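Since every read-out is calculated from the coordinates, none of them should be taken as a lab result. No experiment lies behind these values; they were computed from the predicted model shown. No Cβ is skipped: glycine too gets one built from the backbone with ideal geometry, and neighbour counts run over all protein chains shown.
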Ligand SMILES: Nc1ncnc2c1ncn2[C@@H]1O[C@H](COP(=O)(O)OP(=O)(O)OP(=O)(O)O)[C@@H](O)[C@H]1O
Ligand SMILES: [Mg+2]
């Protein structure tokens, strides 16, 4: 069985890695990672805006942002994929490729989830930070930009990274709208071989596991580093490096 | 310089400031003291409008800081009143130097180089020029508080407010912070300082305000207040303080 799996990988590694590129669309792990990175990178600024709206004094900003977050968190990702898949072409009056559909979906979905992470990060800071900034004459937006957000986002880095890991796993759903990411590639192989589903999906699972596990490891390392940095006097070596 | 007229403030149905009327003249140093929960912090926080009030006026340099005004104007007024917190509240992601540079640079639009020069001068003045590049977490409490004072001074405020600037410090660090504040007093800075450091108050204050339950019960010179307090509550407060 292991023997079979190795044979499958050695025959199909290029398909698993980049799909049918350059003869077809980019796929495989490459597509999965690009989808995830695009999703999280575009979702991030959106999530900061949603978080700021959520804690705003103005109801006009707060209410719709809160509604959006609850709505998105309250429905399965697959529903959002279908909405975007069927609605966007209607609204735009043009064909939207599967890849773009999936990126839009991820941005909406991750934006809503990340905004809760960002909001928690802002609210976890001691109130004295905002007080000090305001007492020095900073406007609210400036206090946010120079004092609150840099700290909140730094503290939130591990949580943002673990959101990225979830995103990687969520891209598998792109399969249902024929986005040629890693799961799609694996399924192609399975359809071609017909007799070796166990091996094929074992390879698929191990690949996801390897990618996500290494990122989890990075997140844990980051978390520990941030904890030590926040804890107090840094060791002499670090002080010298920073001075 | 600072005039409080008929100030009332409530937190829900708790009245924390009751009919406060008092003045701080230019160049004067006022020490505010009183038991825990008497409203001292709330009082000085209202002077730069970190807290809103229900009624009354607070004139700073002749202008009511609690008047309706555009946010930009309030920010400008606030930047002219230095505030030093009990818990320092330095920005932990910035070095000591950058903590001081940030506001003159971003609020007053002072160029980075000029802001940096001013910050270095201030750090020298509080005796921390050699720690300019340290982060707050690498500084002792006393050092952090001195940086916080330098940060407030960087806005060149004509008045400074201190909320128990030394009560979060280990005893051996109290002196270094009080020395800086004493220096400001000698230069004629207008100051309101919440503190229970009696010897400091005797030496530096022009007036002592004694607060209890949201009221200023006694206003006196430090000599009179610490020598022969008039109000029975002040007498009890002082004897408790001395017994500690
Ligand atoms: N944000 C708030 N919401 C509700 N009540 C508050 C708030 N801040 C303070 N209080 C209450 O207002 C009263 C005055 O508080 P304040 O902090 O001004 O007292 P203080 O004299 O500074 O006391 P301490 O010596 O302990 O610092 C207290 O009863 C306190 O519980
Ligand atoms: Mg207090």
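Other chains near B:89-101: what is the mean number of their Cβ atoms within 10 Å of each residue's Cβ? Don't jump to the answer; show the numbers that get you there.
Details: counts 10, 3, 9, 9, 11, 4, 2, 0, 0, 1, 3, 0, 0.
Counting other chains' Cβ atoms within 10 Å and averaging over B:89-101 gives 4.
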- Which stretch or stretches of region B:159-183 have amide N atoms under 14 Å from the point lying 7 Å from residue B:140's Cα along the Cα→Cβ direction? B:169-179
- Packing-based order for B:227-235, A:126-134, using average beta carbon neighbours within 10 Å, highest first: A:126-134, B:227-235
- Angle between the Cα long axis of helix B:141-153 and the longest principal axis of chain B, 0 to 90 degrees, nearest 10? 80 degrees
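At a temperature of 4 °C and a viscosity of 1.567 mPa s, determine how fast region B:63-186 diffuses translationally according to Stokes-Einstein, using the Kirkwood radius over alpha-carbon pairs as Rh; express D in µm²/s, rounded to the nearest whole number.
Working: Rh = 14.8 Å.
Taking Rh from Cα pairs, D becomes 87 µm²/s.
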- Beta carbons within 10 angstrom, averaged per residue: use that to sort the peptides B:93-103, B:5-15, B:117-127, highest first. B:93-103, B:117-127, B:5-15
- Query: residue B:206 versus residue A:92, label points 7 Å from Cα toward the beta carbon: distance in nm?
  - Reply: 6.9 nm
- Query: Angle, helix A:182-193 long axis vs. longest principal axis of chain A, Cα atoms, 0 to 90°, nearest 10?
  - Reply: 10 degrees
- Item | Projected label distance in nm at residue B:199 and residue B:231, using a 7 Å step from Cα toward the beta-carbon | 2.7 nm
- Query: What is the P(r) of region B:133-188, as percent of Cα-Cα pairs per 10 Å bin from 0?
  - Reply: 22, 56, 22, 1
- Item | Expected 222 nm ellipticity per residue - DSSP helices of 4 or more, -39500 (n - 2.57), all of chain B, to 500 | -12000 deg cm²/dmol
- Task: Summarise the partner chain shielding of A:138-147 as one whole number: the mean count of Cβ atoms from other chains within 10 Å of each residue's Cβ.
- Result: 4
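Tell me what chain A gives for mean residue ellipticity at 222 nm when only DSSP H runs of n ≥ 4 count, each as -39,500 (n - 2.57), the sum divided by the residue total, rounded to 500 deg cm²/dmol. Walk me through the numbers on the way to the answer.
Values: 11 runs with 192 residues, N = 243.
Roughly -26500 deg cm²/dmol at 222 nm, from the helical runs in chain A.
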- What is chain B by shape, rounded, prolate or oblate, if you read a ≥ b ≥ c off the alpha carbon gyration tensor as root eigenvalues and call it rounded for a/c under 1.5, prolate for a/b larger than b/c, and oblate otherwise? oblate
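Kindly give the semi-axes, whole Å and largest first, of the ellipsoid equivalent to region B:189-244, taking each as the square root of 5 times a Cα gyration tensor eigenvalue. Let's see the in-between values first.
Values: eigenvalues 58, 36, 23 Å².
Rounded to whole Å, the semi-axes are 17, 13, 11.
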- Item | At R0 = 35 Å, FRET efficiency that the Cβ-Cβ distance of residue B:18 and residue B:133 yields, to 0.05 | 0.15
- Report Rg(Cα)/(2.2 N^0.38 Å) for region A:2-242, keeping two decimals. 1.23
- Among A:116, A:223, A:181, determine the one that fluctuates most according to a GNM of chain A built with springs between C-alpha atoms less than 10 Å apart. A:223
- Starting from the alpha-carbon convex hull of the protein assembly as shown, give the projected area averaged over all orientations, in nm². 30.6 nm²
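Please work out the FRET efficiency for the pair residue A:60 and residue A:5, using the Cβ-Cβ distance as r and a Förster radius of 51 Å; give the result to the nearest 0.05. If you can, show how the numbers build up before the last one.
On the way: r = 57 Å, r/R0 = 1.11.
So the FRET efficiency works out to roughly 0.35.
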- Could you state the angle between the C-alpha long axis of helix B:96-106 and the longest principal axis of the C-alpha atoms of chain B, as a value from 0 to 90 degrees rounded to the nearest 10? 90 degrees
- Query: Across peptide B:44-51, what mean number of C-beta atoms from other chains lies inside 10 Å of a residue's C-beta?
  - Reply: 2
- Spacing of the two label points (7 Å from each Cα toward its C-beta) at residue B:73 and residue B:112, in nm: 3.4 nm
- Which residues in region A:57-71 place their backbone N less than 17 Å from a point set 7 Å from the Cα of residue A:123 along the Cα-to-Cβ direction? A:57-59, A:61-71
- Message: Under the rule a/c < 1.5 gives rounded, and otherwise a/b versus b/c splits prolate from oblate, where does region B:1-123 land using the Cα gyration tensor?
- Response: prolate
